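The values are calculated or read from the model by the stated rules, or taken from the named source; none is laboratory data. Remember, it's a predicted structure, so these values are computed and weren't measured experimentally. A quick note on method: Cβ atoms are made from the backbone with ideal geometry, for glycine too, and the neighbour counts reach across all protein chains shown. We work out accessible area using only protein heavy atoms, side chains counted, and drop any ligands, DNA or RNA first. Shrake-Rupley method; radii C 1.70, N 1.55, O 1.52, S 1.80 Å.
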Amino acid sequence: MQLSKIFLALMASSTLVLTGCGGGGGSSSGSDTENPGTPSGGDNNSGGDDSGDNTSGDGGNTQQASWSTPTELEDGSVTVSKLMVGGSANKPMMAYSKGNRLYIREFDGSNWSDAQSITSYNGTHDISWAFNANGKAVLALENNATNGATGLTECRLDYIRYNGTQWGSYIRARHLINPNNNYTCHNVDDLKIALSDDDSVALTWNRGDLTANTGRVQGCDSTDTCVTDAELSPQTLGSDYKAVALGMGNDGEGYILKMETSNFASNASGVFATGFSDGYIGSSTSIGVSNHSRLARVAVNDATHALALFNDNNTLQARFNNGSGFATSVELDDDLAGANYEATLEAYLSTGADYGLSLWVNNWTDLKTNISDAGSFSASSTEHPQDNDVIQSVTGAINDNGKAVIVWFGYDLDMTSGIPYDGTLYARFYDGSAWLDVQTIDSDIDVASFLSVKGGLGVYLDNSDDVTVVYNAYKDTQLTTEPKTFYTRRVID
């Protein structure tokens, strides 16, 4: 079916990442300085097997459970921007912005905590968070600040730690300046953060002001001692490589997926897995080709085992690394759309085991998954039944029991006008051997607000097999004009 190209392009511009600019001071441990005013030619730094899971649901499986009635968390009387959902140690957490503040809430199994404001926020720059298996978390954000000595604007890359009970103060991971002019965080793209089980932190981002848009890496240990000025110069991904995915396992070790920037638009771009340890870059290995797109993802667990997905000449390839290198590619789909806006893919790997969930949407309508165990992928991928014209905002998770969940937002279009009808939020649960029936979480959701900066969707699956979904939605029946924040739970008794 032919959809409105203009409408699809607008929808493609929406993302699931909460973007923001933090404010405030705090610790300057590892206060590294990178000079972004350097020409692009240099970087002058100073200072379980699930075979047979192709079912549409077994209908009579006793593990199927109902979703609770969506419960309101924010009433929509004030602007609530896109949210993030995560968690660890069976504790779901959510982050969202309201007004000019960023808030965190935690779920104790019965109730959500009161909203805790951890920083100022104006919604203009990247923000990212990560969790480890010990119940710890880190949140990275960009902070435009004025240098008191020079009077010039500079960009500070900060992170905040959660120790399992409370959030701390800012830690300065990197300091980006131009000695002769203002330099803002608008030049920083795709900020990502990862957290190891030994509490080491890694950050990646891309220098958008350079012709080659080169990737950068920073590492800080558990004491928040970061890689120093003198060591920063080699900590790039090369003059023509962009970071597209980041994952970290135990003892500060992990992988970055990088791609050749200049080939994004016109040619097949190589996909490289770059190892790192405590923020120091190791060797890079070519693991495949991404055709006319930047579609590549990586998930890394506590054992530093990795699941990598990428588009190779319009086929979806998966490679698993058990610590001895990436194994031979496994083809999961032979007809993946090449353009960014026509395909979406995500990789998930259980924290303490090697269960993997590969998730992708092709041509806006075809939702598929593949369950893997220690690099053994399903012989055939599962296509999930759905009748909507468009799928957007898909997410998922897999736990150490080999259970998985996917959640997605679907809607239909008036084919004459291209205007969307109200949308529906769906979920499907994998019980370790089969996908159960598709379930409806919520319906009659306004599409434009859901896909705007005020939208958002996140899921957390714990090792008790309970699922928590949080989302922002505007309903026609509500009295307020802003989207409300809801949550719902699927609990295994």
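Considering only residues that are part of a strand (DSSP E or B) and farther than 19 Å from Asn321 by Cα, look in the stretch 260-289 and name the one that is most open to solvent (accessible area, probe 1.4 Å).
This residue is Tyr280.
The residues in the stretch 432-457 that are part of a strand (DSSP E or B) and buried (at least 17 other Cβ atoms within 10 Å of the Cβ) can be counted, and the count is 6.
Applying the selection to the stretch 458-480, what residues are under 16 Å from Thr69 (Cα atoms) and open to solvent by less than 10 Å² (accessible area, probe 1.4 Å)? Residues satisfying the conditions are Val467, Thr468, Val469, Val470, Tyr471, Asn472, Ala473. Checked against (1) open to solvent by less than 40 Å² (accessible area, probe 1.4 Å); (2) farther than 19 Å from Gly249 by Cβ; (3) not hydrophobic (A, V, I, L, M, F, W, C), Asn180 passes all but a single condition, namely (1).
Among the residues of the stretch 438-459, is there at least one that is β-branched (Val, Ile, Thr), under 17 Å from the mean Cα position of the chain (by Cα) and at pLDDT 95 or above? Yes, that holds for at least one residue.
Exactly one residue among Ile419, Ile406 is aliphatic (A, V, I, L, M) and within 25 Å of Ser68 (Cβ to Cβ), and that residue is Ile406. Scanning the stretch 406-431 for residues that are closer than 24 Å to Glu72 by Cβ, of a type in the set (Ser, Thr, Tyr) and open to solvent by less than 10 Å² (accessible area, probe 1.4 Å) yields a count of 1. Note on the stretch 196-208: residues that are open to solvent by 10 Å² or more (accessible area, probe 1.4 Å) and touching a Lys or Arg at 6+ places or on another chain (Cβ under 7 Å) total 1. Checked against (1) at pLDDT 95 or above; (2) closer than 24 Å to Ala133 by Cβ, Gly275 meets all criteria but (1).
Scanning the stretch 112-148 for residues that are of a type outside the set (Gly, Ala, Ser), open to solvent by 40 Å² or more (accessible area, probe 1.4 Å) and part of a strand (DSSP E or B) yields Gln116, Phe131, Asn144, Thr146. For the stretch 149-169, check the following and say yes or no: at least one residue is of a type in the set (A, V, I, L, M), over 26 Å from Leu257 (Cβ atoms), open to solvent by less than 40 Å² (accessible area, probe 1.4 Å) and touching a Gly at 6+ places or on another chain (Cβ under 8 Å). Scanning the stretch 149-169, I find no residue that is of a type in the set (A, V, I, L, M), over 26 Å from Leu257 (Cβ atoms), open to solvent by less than 40 Å² (accessible area, probe 1.4 Å) and touching a Gly at 6+ places or on another chain (Cβ under 8 Å), so the answer is no.
Output the residues belonging to the stretch 284-304 that are of a type outside the set (Val, Ile, Thr) and touching a strand residue (DSSP E or B) at 6+ places or on another chain (Cβ under 6 Å).
Once the filter is applied, which keeps residues that are of a type outside the set (Val, Ile, Thr) and touching a strand residue (DSSP E or B) at 6+ places or on another chain (Cβ under 6 Å), the stretch 284-304 yields Ser284, Ser286, Gly288, Ser290, Asn291, Ser293, Arg294, Leu295, Ala296, Arg297, Ala299, Asn301.
Every test in (1) assigned to a strand (DSSP E or B); (2) open to solvent by 20 Å² or more (accessible area, probe 1.4 Å); (3) within 18 Å of Ala245 (Cβ to Cβ) is passed by Leu307 save one, and that test is (2). Looking only at the stretch 194-205, decide whether some residue is in a strand (DSSP E or B) and more than 26 Å from Asn301 (Cβ to Cβ). No, every residue in the stretch 194-205 fails to be in a strand (DSSP E or B) and more than 26 Å from Asn301 (Cβ to Cβ).
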